[in-house]
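Presented below is the structure to which this report refers.
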Amino acid sequence: MREIFLLLAAVAALCVAPAHAQSYELDETEPRIERSLAAMREGQAAGEAGDEELAERRFREALALRTAALGPLHWATGNASLQLALVLDRSERTEEGFAAFEAAIAAYRASRPELLATSLDDYAHALESASRYEEAERLRRESLQALAFSDFTEAEREELAVEWSLRLGTILRWQGRHAEAIPLLEAYLARVDTGSEEDGYRLAVPLFDLAYALAGTGEAERATALYGRIIDTYRARGDLGDGLLVASLLNQTNLHDNAGRFEAAIVTMQQRVDYRLQLGDDPAEIAMDMMRVADLNSRIGRADRAEALLRQALAQYEAVAPPLRLQRLGELVKWAYDAGLPALADDIARARLELADRSGDLAQRADALTALANLFLDLGRPDEAAPLIARADAILTGSKADLALQRGVVQYVRGRSLTLADPPQAEIALLAAIREFSGLEGWLKANEAVSQGLLGRIYLLQQRHAEALARFENCAALFRQHAPGYRGDIVMCETGGAEALAGTGKVDAAIARFLPMLPLMRREFSDRSPVMIDRLGALGEIYSLRASSARTARHWFRDAGRRIATLTERQATDLEASRLARRFSRIYRNLVATDWQLAQQASNTAAND
């Protein structure tokens, strides 16, 4: 670190130098200078007393006097500008403060560069607070160089170089430039961290930043260890109130989850829930954490525990105001269904509709109606979905409000309901939905993505494989651009595209597209999720199109069949009359067919021998 600092210092000394020599003594007999000194003293006293308004007036007075007496580029004028900038920054008058910082720095560059380093540091801090990280980074780098000709001792310069390198590393981490941030954060910690519990507590923020950066570059093992140290330190001290603890627990959970360590992920996420309950945090946020623990449990087959957690989340939402509560109940319906708990999803969707009806909000009522209709379609109950779709359509038809999102959703759900019964009408409805959604922005584009995916599915059923492939590719691209966190939906787009490719005869390309989705499927869906079972059956069907892969096809059909066999009695009852039950029957038929195909191949081989 010392060698790097000295190199930077040498470069800086060549690049920046005072424009001319100048005395650093002020003529206190000059009336304006005398009055400016008094104003500066009064401003400092007012600032220390918390009277920012008086401090600002006095520093402005000093600045005006010194500008008139000494000019704008004199170092003493720079001092007044800097003090004014600091007051304005504390008062959150950002742009005025930035202008004052610029004036101070210009004065120091021109007449007293040994004062430049700390003023650059102050300005960088203000820029960070305003989230202007690129400008802050530039000033952080310049402040490190300016230390070379500061009036600090060599030991002080080295100490500040390490401290300011930490700040630069933090800015780089905030910008997602993790590889650049890591050596700066490591250098700081190597200098100050003894590994003690006390240091673990005192240095929790830079330890967290380093862990985050390491995770961002794929060094999951080191990141896990650092998060573990932060968690253990806070738990040992009984300090639950610091946000770093719950943030570390969340990030640790993500690392365990990504590595397939679901048991460990459940432990850390449950700890986060427990701590937030003790702290009395926002019930809506606690409920989201409970849903995450439920999801983790469902993925390792603990359906009863997952249901209990989702019901706890539902109870938390009782304390949440209706607009947000309605939104989160909609998410809870999806989580319950994806966890293989359709009866619970049904209960929550009905409760949401009752709440929306009481709210009187047209958009909320339409959303709740279409969400319940969507769930009925998921469960193969189109007769129950149809009147809900009609009710939602009637509500929106009578409204003059700009409800493109809700109108698009009604058309989408109508398209879903007609997918098997009337594909041409379903196509018309989905194209109308896509037109409504096309004007939306940001994550709302996920609605267009879902519609593209369903249209691809309809084309697939009609054996319009090339058109289906184009729709599935649009679906995946929209999700990745606007809603990358919807990983389960991306799986559906990509695997649907694989089915379309297989339909065009490109079986090898289809398999190559499908297989990379398997790890993501295992992370996103529970073992008994209907979606997981359906997708494994689809992979078996793709392999079955290639005669030489009958054994591999049977492997995937057997895997899907094994998961069907583990469904609880209640789940089996819920699915009995649904399209999923028919899909599962098809998986079993395909399994029998591949068994017969393999038996025939074995018989032919024996006859040839």
Taking θ = phi - 60°, what integer Hz values does the Karplus form 6.51 cos²θ - 1.76 cosθ + 1.60 yield along the stretch 471-487, in sequence order, with x for Gly and Pro? 5, 5, 5, 4, 4, 5, 5, 5, 5, 5, 7, 10, 8, x, x, 7, 5
If each of ALA351 and ASP282 carries a label point 7 Å out from its Cα toward its Cβ, how far apart are those two points in nm? 2.1
Taking Cα pairs closer than 8 Å and at least 6 residues apart, the relative contact order of the stretch 504-566 in percent is 33
The simple spin-label model distance between ALA404 and ASP508, using points 7 Å out along Cα→Cβ, in nm, is 4.5
Just for the Cα atoms in the chain, what are the lengths along the principal axes, largest first, rounded to whole Å? 111, 70, 49
For the chain, give the percent of accessible area contributed by carbon and sulfur heavy atoms, probe 1.4 Å, rounded to a whole number. 52
Could you give the angle, 0 to 90 degrees to the nearest 10, between helix 116-129's Cα long axis and the longest principal axis of the Cα atoms of the chain? 30
Determine by what factor the alpha-carbon radius of gyration of the stretch 327-378 differs from 2.2 N^0.38 Å, reporting the quotient. 1.04
Assuming R0 = 35 Å, what is the FRET efficiency of ALA45 and GLU25, from their Cβ-Cβ distance, to the nearest 0.05? 0.90
Compute the Rg/Rh shape ratio of the stretch 508-572: radius of gyration over Kirkwood radius, all on alpha-carbon atoms. 1.00
Compactness of the stretch 185-262, expressed as Rg and Dmax over alpha-carbon positions, Å: 12.0, 36
When ligands, DNA and RNA are left out and all protein chains stay put, how many square angstrom of accessible area per residue does the chain have with a 1.4 Å probe? 45
Where does the Debye-calculated log10 I(q)/I(0) of the stretch 78-176 sit at q = 0.15 Å⁻¹, using only Cα point scatterers of equal weight, no solvent? -0.56
Using only alpha carbon pairs under 8 Å that are at least six residues apart, calculate the relative contact order of the chain and give it in whole percent. 6
Note down the net charge around LEU326, summing +1 for each Lys or Arg and -1 for each Asp or Glu among other residues with Cβ under 15 Å from its Cβ. +1
Contact order relative to length for the stretch 372-500, counting C-alpha pairs under 8 Å separated by 6 or more residues, stands in percent at 17
Length added when fully stretched, ASP274-ALA179, from 0.36 nm per residue minus Cα-Cα: 30.8 nm
What ³J(HN,Hα) values, in whole Hz, does the Karplus curve 6.51 cos²θ - 1.76 cosθ + 1.60 give for the stretch 63-70 when θ = phi - 60°, with x put for Gly and Pro? 4, 5, 5, 6, 4, 5, 8, 10
Candidate cut points under GluC sites (Glu not before Pro) in the stretch 288-377, DSSP loop plus at most 11 other Cβ atoms within 10 Å of their own Cβ, are GLU318
Across the stretch 133-140, in residue order, what do the Karplus-derived ³J(HN,Hα) couplings come to in whole Hz, using 6.51 cos²θ - 1.76 cosθ + 1.60 with θ = phi - 60° and x for Gly and Pro? 6, 5, 5, 4, 4, 4, 5, 4
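The values are calculated or read from the model by the stated rules, or taken from the named source; none is laboratory data. Nothing here was measured: the structure is a model prediction, and the numbers come from that model. For neighbour counting, all protein chains shown are included, and Cβ atoms are generated from backbone atoms with ideal geometry for every residue, glycine included. Only protein heavy atoms, including side chains, enter the accessible area calculation; ligands, DNA and RNA are left aside. Shrake-Rupley method; radii C 1.70, N 1.55, O 1.52, S 1.80 Å.
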